[in-house]
Amino acid sequence: MKLLTIEELSLHFGGVTALCNVSLQVNKGEILAIIGPNGAGKTSLLNCISGLYRPSAGRIIFQGRDITRLPPHRRAQLGISRTFQNIELFKHLSVLDNIMLGRHVHMRAGVLSGGLYWGLAQREEVAHRRRVEEIIDFLEIESVRQKPVGMLAYGLQKRVELGRALALEPELLLLDEPMAGMNAEEKEDMARFILDIAEEWGTTMILIEHDMGVVMDISDRVVVFDFGRKIAEGVPAEVQANPRVIEAYLGQQMGVER
Amino acid sequence: MLALNNVEVVYDRVILVLKGLSLSVPEGKIVALLGSNGAGKTTTLKAISGLLQAENGRVTDGTIEFCGADITNRDAEEIARRGIFQVMEGRRVFEHLTVEENLIAGSYTRKDRRHLKKDLALVYHYFPRLADLKHRVAGYLSGGEQQMLAIGRALMARPKLMLLDEPSLGLAPLLVAEIFKIIKEINQQEGTTILVVEQNANIALSIADYGYIMENGKIVLEGDVAKLKDNEDVREFYLGLTDVGKKSYRNVKHYKRRKRWLG
Amino acid sequence: MFLQLLVTGLVVGSIYALVALGFVLIYKASDCINFAQGEFLLVGAYVALALVVTYQVPFLPAVALTLCFAALLGVLVERLVLRPFIGEPVIAVIMATIGLSSLMRGIIQFIWGTDTRVFPPVFPQTPVQIGEVVVSQVYLWSLGLALLLLIIFALFFKFTITGIVMRAVADDQQAALSMGISVKRVFAITWAIAAVVAAVGGILLGNINGVNSSLAHLGLKVLPVAILGGLDSIPGAVIGGLIIGVLENLAGGYLDPIFGGGVKEVAPFVILVLILLIRPYGLFGKEIIERV
Amino acid sequence: MDCGLFTTSYEEDMAILFAPAAKLKVAAIIGCLLLFPLLVGPYYVSVANLMAIAVIGALGLNILVGFTGQISIGHGAFIGVGAYTVGVLTTKLGLSFWAALPLAGLAAAAVGALFGIPSLRLKGLYLAIATLAAQVIIEFTIIHWTSLTGGSAGIVLQPVSLGPYSLANDRVFYYFVLLLVIFAVVFTFNLFRSRVGRAFMAVRDRDIAASVMGINLLRYKVLAFALSSFYAGTAGALLAGYTRVITPENFTIDVSIQYLAMIIIGGLGSVLGSVYGAVFMMLLPIGLRALADFLGTFFPNIEHLLLAMQTALFGLIIILFLIFEPEGLAKLWKDVKNYFRLWPFSY
Amino acid sequence: GKKEAPSTGPATAEKTKEPVKIGGIFDLTGPTADVGQPYADGAKAYIDYLNSKGGVNGRQVELIDIDYAYDKTKALEAYNKLVKQDQVAAILGWGTGDTEALKQMIAADKIPYISGSYSEGLLDINLCPYNFLVAASYSDQARIALKWIKDNWKESRKPRVALIYNDTPFGKSPVADAKKYAAQIGIDIVADEVVDLKALDATSQMLDLKQKKADFAIIQGTSNLAATVLKDAKKNGLSTRFIGLNWAADEKVIKLAGPAAEGYIGVIPFAFPYEKVPGMAVIQEYLTAKGQKLEEKNQKFIQGWTSAMIMTEGIKRAGDKVTGEAIKAGLENLANFDTGGLSAPVTFTAQSHRGSEKVRLAEVKNGRFEYLTDWIGYK
Ligand SMILES: Nc1ncnc2c1ncn2[C@@H]1O[C@H](COP(=O)(O)OP(=O)(O)OP(=O)(O)O)[C@@H](O)[C@H]1O
Ligand SMILES: Nc1ncnc2c1ncn2[C@@H]1O[C@H](COP(=O)(O)OP(=O)(O)OP(=O)(O)O)[C@@H](O)[C@H]1O
Ligand SMILES: [Mg+2]
Ligand SMILES: [Mg+2]
């Protein structure tokens, strides 16, 4: 079952080619890892999928629908959600509000109803608060739920960001280096959350990560990028043994480690 | 060369982050500082380089000595002039300047401008990639390129002590290896003393001479690299190794999840 | 008429460019707009005036003294008012400079009152006839001076280390600090230069028909110039100044009789909005680099 | 002391005032406000009335600047749109003030929304200057569309009556505007603990992330402009109904700046801050004048000096505030409260 | 506000009586401060002088003055404070815009109001029963200037006249009437030029005048505007002759414009300090006692002095009951009231508050205004 199909996608910035004729398929329910050297265009690809960049050529098809020209918020409504390489939380808002914002597309109340806090708005707030509390429990961040996220430690912020993306109840979850800057123990936690999400919610995920250990262990399939082109694709073990990948990305040591 | 004695750091007058931390960096060596998120590693570096003030933080107790002089709570620029250069977390290159202008800005504290050309050549020698990108605007470089630039910029200042804050953050494995190789080279060929903060304990310990491990604002373990590598906890929590070798993230999951359900 | 308006526009535009330069300098170094630029202009004009009229100092030494004073004032203002805002959000800085403008205006008013004061004639009063166009000599001076200063600054920012460092500070103050760049010094220099540039503008303008508090409005009026050119672009300031000077005069000349005055004041803003809609960072402004 | 409160349901947890002490406090404040005009002369009531109008305007600006992060230097002009709508509708079309009041809000909202459209592409200072352009352009229109607005002479309105009472009576107007202010404050409070308000804050903190969370940036930015201008228009309409004289000077850039000062001094992104800020800024000139009068009895010359320095002091106070309490009066007040809540156990 | 307390009260018994409070809404710092300051000084000086002579009807006069910086909003605030808080009996006001804006309230509150504005619009006795104009209205002034132009016109073609004014109610006040009158008597109005009150540049307007070949231009503005216009006219080589109405013609114009002011004609309703008239001797005496010099005062000082004199005369004639109505009646009692030569004689009646219709014209010669005419009207 294809959830997302990318056809011949290209992206240019002035003279820089960030993506060049990239085609890719993501199947429902899988965890697809994208790896590649810095500046290979991994984040750019996610940006194209979530609508922050407009590709110069090519198509993006999500659940059978061409979304290439849709603005980001429309894609969110269709069920695409993401986290960012450098945490992009709403710094002055509490953890709760941040995750509530993830529910935005599922809520309806407008200005009037919200300002009067009457009827729909009030009912809705309570109902969605319940969902949000579940996510908070799941990510084990109960103790900080009322704190402004700007004050939290890095690792916790990463979790909140995951929570916010999750609150949208996405079909497709894009994770851009969720484990960067974490130590081994925290990586383990994050890996556990990702696997649980896949298992319990059945969410499809695209994961960018530089830690090969993690990639090899938790992804179903791996795609490798270099200079904006896809240079390899396959199950983790296959990719790891691919000489092109070793040369461009892993280096000798990593390649042979297994 | 550098010594921190019982340093306490407080943010916003109330948040106590460093709780009596002591460490020392001998001249010409590479010292690694490891620790979990939020342990206060960055804070330690900022305390040394004087950048705390910009964030409303202060060293409230203890002393920081550099080459025999007390530099506790001094201005950042003064400390930099004395030869300490911090490469900040998250690279922080000057986005709108070109690569070369970034490097020139790095040489600001140098008194003699005559060596500018030579210094530039040296940086380009270590990072040939930067030479190709000379005239590109730094804000659009990829993460790894920016990291190279940040280190290159530090080199331009010819510091006695270089503080590196998570140089591997977000870099591809190949680059991580390369950058650490260059760090080692710089240390050996230029004689620059280096204090490096890293999450990637494997690689950090592979080039360092000495290591500190901190938790919660204090040093909990220190020693020669070899000794650290043997330590049980370090192996488990920092190197991700178990008795049977490398553990799998999939297995971790089941183990932890069971624990969560039981608990 | 058209030619005359065009020429008048160009020379007036050169003064705008000069004043806009003050905005650009400060923006380049500290990413903030100085809403008190008009008051700096006024101070320059008044100080020169006081020296010339009250203390009978000859004009050129008086100008030199004024510029020194302006530099000092710039440094002082930076030290006392702006320094605490290093690293604060834009809106706080904007408001601080608005407060500063109010403060300076009050003090100026207290010292010099609100009456118009006039310089004894320095530049020859007889206008120069170029073809059928008449231009007063002060304007020609300002045109020349503005162009000269603009070239100097463009070179300064591109090629001197101080210039590069100033731009670096604008990008990331903390990183600059970590490299031993004295952000304070950079700011002090910037404000000093900006105040000097403003004073030059003030003296030139004061020589046209005198000095009163309305000169300070020029600060606001020139904002569109700085934005149009792109807040951080020195050539932008020049081109923006000339464009707005010309368009404003043409609009004033042809539309004022229809609308009954005031078109000159809005024309720059209308032009500005139209251009911003197409180019959100002005003609030559640096884009805010936003990567995720 | 409100420590140790437990809630058992989300409804309770999410109520604004669930502690009895808080309820009591609010009741006491409202009681004082109701009694106020009976205790002081008409002049102070009229000052309070202008203050109340300013509170509504400041709330509006804070929605835009403080909560949504879109800097605006054109608020004065949007207030003017409201005032002139009332002026034109009542004098030219013979509409009653009561019909014109909501229309004024809507007209201002429409104009605000129009000038809010560039906010999608313009950020920070560039947007600020675009709103400055709005200010200048609207002001120009007001002054030069003489047939409609009376040009620089302005419009003089007929007295407005509320049933048997005349709004020209300071006390009557006071109770009327007090009601509106309370409504506006509560409305704003509620807004920012529900969906739309949260989206505004998300746009402020990080608009890219907000768009990825499904927030339509253009819609919400324009909505913020419209909503903010609706408050402004209402404030303008009230001003028109109360003073009965509308002239362009009421809506200059200085007014815009004064409103900015209110919300910055009060506290950006704080509902109560808008209230404190508006009250403070309206009291400032009166306080200065009183101070001058008082000092004048001792030193006959100082009052002249102080009056001349009013502008300067305005600037100085803003600067000092920004330096010493950048988060505004709201924060200051919170600190004081926190201090006394723990008192005498504060360290 | 500044209270003009008596410096040397003469009769001690009278001091126990409540002072009469009157308000002053002046422009000391705004765009018309160039003329507003000396005007306010003059008014305050007169009250001080009056108090030193025992006040009115044995009561001191307290002038509570507020600087409103030519801002109608602030004028409204000031008015509210004066009426509601200080409960003044009458007010000396200032600008056209603010006086017009306040006129409804003035009528409702019954506050006799003598403003520095002589706008025709304030003469409607039904709308403005409490406003009094102490000099010829701006419209009348403009008509007189036009009539003078016509009377002295030698050529066969019609004279071309331009109107220069500022975009305020003050500036626009005489425009429509002047145009109407010009059409009546056969003068072409060729241009309307709008110049800001504080403008320091009027180049484009002067270029327009030059193109339209105006023979004369009538200026309605204040000293600063007039000076800017005169200077830019000279710079651009115009041959137009300029005539300034009341507020645009005083010594300050000469000071600011220097040689460019030569030949400038003023419409002058009040006396210059250097005139030898009985009223001036009083001022001289008062100023000398205060250690000040008459030569340092200008014509706008005299104007303020005279206005305050007329106001207090009304209060005096109101008798012991100083209510607004009584003061109004007192003022309406003035018939050919002689200000000691400081202005034309003033007459108010219950039907008309047009205090005078007469002015003198003067021309700047060698840096000084010299009269061209005696007191003249246009009829
Ligand atoms: N907004 C932009 N403007 C200009 N160039 C850009 C922009 N975004 C990305 N690029 C360029 O596109 C290329 C790909 O960048 P991208 O961020 O996708 O890399 P990446 O694979 O995510 O790298 P990393 O692992 O370092 O995050 C780089 O060369 C980068 O400089
Ligand atoms: N400017 C600040 N104000 C207040 N608290 C701060 C500030 N900076 C850091 N902290 C707090 O100090 C603690 C230590 O932070 P620090 O950044 O030094 O940790 P770190 O060890 O570098 O972590 P990481 O691995 O995430 O970079 C954290 O709990 C953080 O919340
Ligand atoms: Mg990336
Ligand atoms: Mg850190």
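The values are calculated or read from the model by the stated rules, or taken from the named source; none is laboratory data. The shown structure was predicted, so the numbers you read here are calculated from the model rather than taken from an experiment. We place every Cβ from the backbone using ideal geometry, glycine too, and count neighbours over all the protein chains shown. For the accessible areas, the whole protein counts, side chains as well, though only heavy atoms, and no ligand, DNA or RNA atoms are used. Shrake-Rupley method; radii C 1.70, N 1.55, O 1.52, S 1.80 Å.
Worth a mention:
- Scanning the range D:22-81 for residues that are within 14 Å of chain E (Cβ to nearest Cβ), open to solvent by 10 Å² or more (accessible area, probe 1.4 Å) and part of a helix (DSSP H, G or I) gives D:PRO42, D:TYR43, D:TYR44, D:VAL47, D:ALA48, D:LEU50, D:MET51.
- The range E:200-224, subset surrounded by fewer than 21 Cβ atoms within 10 Å (Cβ to Cβ) and assigned to a loop (DSSP other than H, G, I, E, B), residue farthest from the other protein chains (Cβ to nearest Cβ): E:ASP215
- Count of residues meeting criterion [part of a helix (DSSP H, G or I), β-branched (Val, Ile, Thr) and either within 22 Å of E:TYR371 (Cβ to Cβ) or open to solvent by 10 Å² or more (accessible area, probe 1.4 Å) (or both)] in the range E:292-330: 2
- Matching entry among A:GLN77, A:GLN63 (being at positive phi and more than 16 Å from ligand 2 (Cβ to nearest atom)): A:GLN63
- Taken across the range A:138-148, residues that are touching a residue at least 60 places away in the same chain (Cβ under 8 Å) and either among the aliphatic types (A, V, I, L, M) or away from ligand 1 (no atom under 16 Å from the Cβ) (or both) do not occur at all.
- If you go through the range B:79-112 and keep only what is more than 7 Å from chain C (Cβ to nearest Cβ), open to solvent by 40 Å² or more (accessible area, probe 1.4 Å) and in a loop (DSSP other than H, G, I, E, B), you end up with B:ARG82, B:GLU89, B:GLY90, B:ARG110, B:LYS111, B:ASP112.
- Every listed requirement among (1) more than 10 Å from every other protein chain (Cβ to nearest Cβ); (2) free of Cβ contacts under 8 Å to residues at least 24 places away in the same chain; (3) not small (Gly, Ala, Ser) is met by D:ARG121 save one, (1).
- Out of A:ARG54, A:ARG69, A:ARG65, A:ARG75, one residue alone is at pLDDT 95 or above and more than 14 Å from chain B (Cβ to nearest Cβ). It is A:ARG75.
- B:ARG13 vs. criteria more than 10 Å from chain C (Cβ to nearest Cβ), more than 27 Å from B:ASN200 (Cβ to Cβ), open to solvent by 10 Å² or more (accessible area, probe 1.4 Å) and part of a loop (DSSP other than H, G, I, E, B): yes
- Set side by side, the residues A:LYS158, A:LYS187 differ, and just one is at negative phi and more than 16 Å from ligand 3 (Cβ to nearest atom), which is A:LYS187.
- Selection from the range A:81-124 of residues that are of a type in the set (D, E, K, R), more than 7 Å from chain D (Cβ to nearest Cβ) and buried (at least 21 other Cβ atoms within 10 Å of the Cβ): A:ARG103
- Residue in the range C:152-170 that is polar (S, T, N, Q), over 21 Å from the mean Cα position of the chain (by Cα), closer than 19 Å to B:ALA105 by Cβ and outside any helix (DSSP H, G or I) present: yes
- Tabulated pairs, the range B:76-96, first under 16 Å from B:ALA150 (Cβ atoms), second in a strand (DSSP E or B) and within 14 Å of ligand 2 (Cβ to nearest atom), C-beta under 6 angstrom, 6+ apart or interchain: B:GLN86/B:LEU163; B:VAL87/B:LEU164; B:MET88/B:ASP165; B:GLU89/B:ASP165
- Within the range B:49-75, the set of residues being among the small types (Gly, Ala, Ser) and free of Cβ contacts under 8 Å to residues at least 40 places away in the same chain comprises B:GLY50, B:ALA54, B:GLY68, B:ALA69.
- Taking the criterion of being of a type in the set (D, E, K, R) and near ligand 1 (Cβ under 9 Å from one of its atoms), the only residue of the range B:121-142 that qualifies is B:ARG136.
- Some residue of the range E:271-291 being open to solvent by less than 10 Å² (accessible area, probe 1.4 Å), over 17 Å from E:GLY341 (Cα atoms) and under 18 Å from the mean Cα position of the chain (by Cα): no
- Filter result (among the hydrophobic types (A, V, I, L, M, F, W, C), within 18 Å of the chain's Cα centre (by Cα) and in a helix (DSSP H, G or I)) within the range B:26-67: B:LEU45, B:ALA47, B:ILE48, B:LEU51, B:LEU52
- Within the range C:138-154, none of the residues are open to solvent by 10 Å² or more (accessible area, probe 1.4 Å), of a type in the set (Phe, Trp, Tyr), at pLDDT 85 or above and more than 23 Å from C:GLN109 (Cα to Cα).
- Residue count for the range E:90-108 under the criterion of being surrounded by fewer than 22 Cβ atoms within 10 Å (Cβ to Cβ) and more than 11 Å from chain D (Cβ to nearest Cβ): the result is 1.
- If only residues of the range B:160-181 that are at pLDDT 90 or above and more than 16 Å from ligand 2 (Cβ to nearest atom) are counted, the one that is most open to solvent (accessible area, probe 1.4 Å) is B:LYS181.
- Set B:LYS46, B:LYS29, B:LYS19, B:LYS41: member being away from ligand 2 (no atom under 15 Å from the Cβ) and charged (D, E, K, R): B:LYS29
- Applying the criterion of at least 2 residues that are open to solvent by 30 Å² or more (accessible area, probe 1.4 Å) to the helices (runs of 4 or more DSSP H) found wholly in the range C:1-96 leaves C:2-30, C:59-77.
- In the range E:169-196, residue farthest from the other protein chains (Cβ to nearest Cβ) [restricted to those that are buried (at least 22 other Cβ atoms within 10 Å of the Cβ) and touching a Ser or Thr at 6+ places or on another chain (Cβ under 6 Å)]: E:PRO174
- Those helices (runs of 4 or more DSSP H) lying entirely in the range A:122-218 with at least 2 residues of a type outside the set (A, V, I, L, M, F, W, C) and closer than 24 Å to A:LEU45 by Cβ: A:154-167, A:212-218
- For the residues D:VAL160, D:VAL185, D:VAL177, D:VAL212, the requirement of being within 13 Å of chain A (Cβ to nearest Cβ) and open to solvent by less than 20 Å² (accessible area, probe 1.4 Å) singles out D:VAL212.
- Of all residues in the range A:5-22, those satisfying the criterion of being farther than 16 Å from A:GLY36 by Cα, surrounded by 16 or more Cβ atoms within 10 Å (Cβ to Cβ) and out of contact with any helix residue (DSSP H, G or I) (no Cβ under 7 Å at 6 or more places or on another chain) are A:THR5, A:ILE6, A:GLU7, A:SER10.
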